[in-house]
C-alpha cells in the first residue's frame, strides 16, 4: 500500500492582547496544539509557523508583520495552505475576514480553520453564509468584551476616583501622612499658631508666634 504524500502547510497563530503573550500564557500553545492535531488527522505536513503577538483581529492581513512574512515565505517554498485554529484567529472583523480571504484566493492560497475545515475551502453559498455568520458572531463577541471592560473601568473610576496609571504616594503608603496632609480647613482656621509650630518641627520655615 502506497503512503499518501502529505500536503505542505504553514500554521498561523495570532493573539490580540499583550496580556495573553508570554511563556506563562497558553494562547499560542493552545492554537499550536489544535493546528498540529488537525494537520496530523488530515494529512498535512507543517513546514513553518508564523505568529502575530498582540495584533488585533481587526487589522488587515497585509499590515500584520507575521502574516506579511508568512506570505513572503509561501511565495518561496511552494506551500499553498495556511492553517489556523479558528476563523477568528485569522480575523475577528467580518469585512477584514472576507477581504483577507479573497486576497489569499487571488494568490492561489488555501485557508483552513482547524475547528471547521470547510468554512474557507468550500465556496458554496451555504459555506459562505456560515463563514459570515461566524465572523459576525466573533465580531459581536469582541465588541461586547470591550464594552464590559470599559464599563468596569468607568465604575471603578467613579468609586475610587481613578482606575489607571501609577499609584500615588498616598495610595502606596496610606499610613504615612505629612504635616500638610494632616491639616484640615477647620484646623487651619482655628489653630494657626499650632499649625505653624507643627510645620516648623517638620522642617518648614519658622513663623513668629
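Any read-out appearing in this document is the output of simple, stated calculations on the displayed coordinates, not a laboratory observation. These numbers come from a predicted model, not from an experiment. Virtual Cβ from ideal backbone geometry, glycine too; neighbours counted across all protein chains shown.
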Here, residue 103 and residue 143, labelled 7 Å along Cα→Cβ, have an inter-label distance in nm of 2.3 nm
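Grab the beta carbon distance between residue 77 and residue 159, set R0 = 45 Å, and tell me the FRET efficiency rounded to 0.05.
0.20
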Within region 6-28, list the residues whose amide N lies under 15 Å from a label point set 7 Å along Cα→Cβ of residue 152.
17-20
Need one number: nm distance between label points at residue 26 and residue 5, each 7 Å from Cα along Cα→Cβ, rounded to one decimal.
3.9 nm
Packing-wise, with mean Cβ within 10 Å as the measure, how do 137-143, 66-72 rank, highest first?
66-72, 137-143
Inter-probe distance in nm under a simple model that places probes 7 Å from Cα toward Cβ, at residue 62 and residue 121:
2.8 nm
